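The values are calculated or read from the model by the stated rules, or taken from the named source; none is laboratory data. The structure presented is a predicted model; accordingly, all values stated were derived computationally and were not measured. Quick reminder, even Gly has a Cβ in these numbers, built from the backbone with ideal geometry, and neighbours come from all protein chains shown. Remember, those area values only see protein heavy atoms, side chains included, never the ligands or the DNA or RNA. Shrake-Rupley method; radii C 1.70, N 1.55, O 1.52, S 1.80 Å.
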Amino acid sequence: MKYISFAIPCYNSQDYMEQAIKSILKGGEDVEILIVNDGSTDKTAKIAKKYAEKYPTIVRAINKENGGHGDAVNVGLNNARGVYFKVVDSDDWVDKASLFKILDAVKRFVDTDEEVDMILANYVYEKEGAAHKRVINYNNVLPVEEVFHWSDMRHFHVGQYILMHSVIYRTEMLKLCQLQLPKHTFYVDNIYVYYPLPSVRTIYYINTDFYRYYIGREDQSVNEKIMISRVDQQIFVTKTMINMYDLHAIQNKKLRRYMINYLAIMMTVSSILLIRSKKPENLKKKQELWDYLKRKDYRIYWKIRYGILGQTMNLPGRQGRKVSSMAYVVARRLFGFN
């Protein structure tokens with residue numbers, strides 16, 4: 001039995017993908033590794049084939065036409081045989097001791113026929129050149145090492161939200177909720193995390209520093225200049241999430257509040273990128289985005305627009321935009337992203 005399927009989407013990842021693969025191989029026969037080569041033009045396919053041939057019962061190399069990160073995740077999920085499914089980006093890696101802790105928990109769930117839909121663990125910002133590695137944990141928010149429900153969680157702090165790095169979903173649940181990420185689109189990891197949430201009934205949190213999130217390459221998608229150049233895709237993902245659910249129909253109050261706050265973060269990220277681009281046409285796009293949310297759901301718009309994040313991103317005039325930009329710089333230093 002494969003307890004966890006690890007999908008590694010790869011596009012021209014020859015220079016760093018082996019660290020990701022080797023870190024997961026330590027799980028041995030309990031894991032499967034799906035190296036999804038997304039139409040690479042370098043030696044990615046060759047490296048994937050090498051590992052598939054060396055570890056035929058653990059590694060599978062899947063070659064496909066280029067469709068973007070989300071499409072590679074889709075293909076990984078479609079091919080997954082493990083009880084749980086985890087995405088590891090090709091420039092990241094996982095911690096060995098934490099991997100064993102998570103596998104032990106999954107084995108207990110399987111042995112006792114307990115269906116836990118979502119497993120959470122900590123992630124670490126492995127920022128190039130940073131002396132202090134920032135760890136995002138949830139021990140002030142979630143019960144530790146016990147099965148719980150949305151009603152049991154406390155309030156998340158800004159910068160503490162569930163990301164692709166921290167989440168492991170039950171494979172069958174993902175397939176049943178028909179998760180399908182857009183092709184040729186960046187930043188769909190937000191959809192990956194957000195869309196399944198109403199389907200999640202049970203959760204388990206392990207307070208261990210599992211996922212190592214590397215930040216430092218100039219061509220990385222979270223590099224600020226690259227994010228600004230791709231801001232239209234950020235807007236597309238944000239609008240897709242706005243349209244995804246009637247949040248008023250979400251019965252659990254804490255889950256509903258969490259999903260509204262997640263949208264608030266998406267609106268904030270899109271807004272600050274549009275502000276920092278300093279292009280007049282992008283300031284118009286910012287206003288259009290907020291108007292879009294307002295037309296879609298005025299009550300959700302009001303909660304987000306007049307919350308702390310919404311007010312900070314919509315201060316009037318040039319000086320207001322400067323303050324918004326300064327708030328972003330401070331947050332970036334505090335939380336260590338991009």
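Points to keep in mind about this one:
- Rolling a 1.4 Å probe over the protein chains gives Cys177 an accessible area of about 20 Å².
- The antiparallel fraction among DSSP beta bridges confined to the chain stands at about 30%.
- Under DSSP loop assignment and at most 16 Cβ neighbours within 10 Å, longest GluC sites (Glu not before Pro)-free interval of the chain: 219-338
- Each Lys and Arg Cβ is given +1 and each Asp and Glu Cβ -1; about its Cα centre, the range 67-130 then shows a dipole of about 160 debye.
- Modelled spin-label separation between Val135 and Phe100, with each label point placed 7 Å from Cα along the Cα-to-Cβ direction: 1.8 nm.
- Label point 7 Å beyond Cα of Arg154 along Cβ direction - residues of the range 121-147 with amide nitrogen under 13 Å: 138-144
- Modelled spin labels at Leu163 and Glu53, positioned 7 Å past Cα toward Cβ, are 3.7 nm from each other.
- Computed from the C-beta positions of Asn243 and Ser199, the FRET efficiency with R₀ = 22 Å rounds to 0.80.
- Calculated from backbone phi, Karplus (6.51, -1.76, 1.60) coupling profile of the range 45-61 in Hz, x at Gly/Pro: 4, 5, 5, 4, 4, 4, 6, 5, 6, 6, 10, x, 8, 10, 10, 10, 9
- Tail beyond 32 Å, pair distance distribution of the chain (Cα, percent): 29 percent
- At full extension, Lys26 and Gln180 could sit 52.5 nm farther apart than now, given 0.36 nm per residue minus the alpha carbon distance.
- The charge dipole of the range 4-215, taken about its Cα centre with unit charges on the Cβ atoms of Lys, Arg (+1), Asp and Glu (-1) only, comes to about 360 debye.
- In this rough spin-label picture, where each label sits 7 Å from Cα along the Cβ direction, the Asn79-Arg257 distance is 4.3 nm.
- Surface calculation, 1.4 Å probe, protein heavy atoms: Asp111 sits at approximately 120 Å² accessible.
- Modelled FRET efficiency - R0 45 Å, Glu288 with Val110, Cβ distances, 0.05 increments: 0.40
- Beta bridges by DSSP in the range 15-160, antiparallel share as percent, to the nearest 5: 25 percent
- CD proxy at 222 nm, helix term only [per DSSP H run n ≥ 4: -39500 (n - 2.57); per residue of the chain; nearest 500]: -14000 deg cm²/dmol
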